[in-house]
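The values are calculated or read from the model by the stated rules, or taken from the named source; none is laboratory data. As the structure is a prediction and not an experimental result, all values here were calculated from the model. Using ideal geometry, Cβ is built from the backbone for each residue, glycine included, and neighbour counts are taken over all protein chains shown.
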Amino acid sequence: MRAVTLEAVRETIDACAGTDPAVFARRTRNALATAILAESLAHSSPPPPAHPAPVDELRTTVGDELSAELAAIYEGSDDWTSRAIDALEPLHAIARG
């Protein structure tokens, strides 16, 4: 289950180009929340992403700091869930406008 939910996060991040920041933030926040819940139930390593995160597009959509966090989550590092939890609040703030 974990790999599927992290893949959903990656797909959401991949789709950031040209997406309204509030819409992107809401979709990403929801995908992260789902992935965090799935992680609480399963403990296996996620597969590596098929390609690097779209960092330039992320910067354009959510700025430098949050884009760096989302790129690290995208990679699926050991601490991706902690980073995801930290990213929820700024994503929520963008989603709310």
(request) Give segment 42-68 a look and list any residue that's among the charged types (D, E, K, R) and buried (at least 18 other Cβ atoms within 10 Å of the Cβ), or say none. (result) E57
(message) Every residue in segment 21-64 that is out of contact with any His (no Cβ under 8 Å at 6 or more places or on another chain), within 16 Å of H92 (Cβ to Cβ), at pLDDT 95 or above and not hydrophobic (A, V, I, L, M, F, W, C), please.
(response) P21, R26, R27, T28, N30, T61, G63
(request) Looking for whichever is touching a Lys or Arg at 6+ places or on another chain (Cβ under 7 Å), outside any helix (DSSP H, G or I) and among the polar types (S, T, N, Q) here; the options are S77, S44. Which one fits? (result) S44
(message) Being touching a residue at least 24 places away in the same chain (Cβ under 8 Å), under 14 Å from the mean Cα position of the chain (by Cα) and loosely packed, with under 15 Cβ neighbours inside 10 Å is the requirement here; does I36 meet it?
(response) no
(message) Looking only at residues that are among the polar types (S, T, N, Q) and under 16 Å from L88 (Cα atoms) in segment 1-20, which one is modelled with the lowest pLDDT?
(response) T5
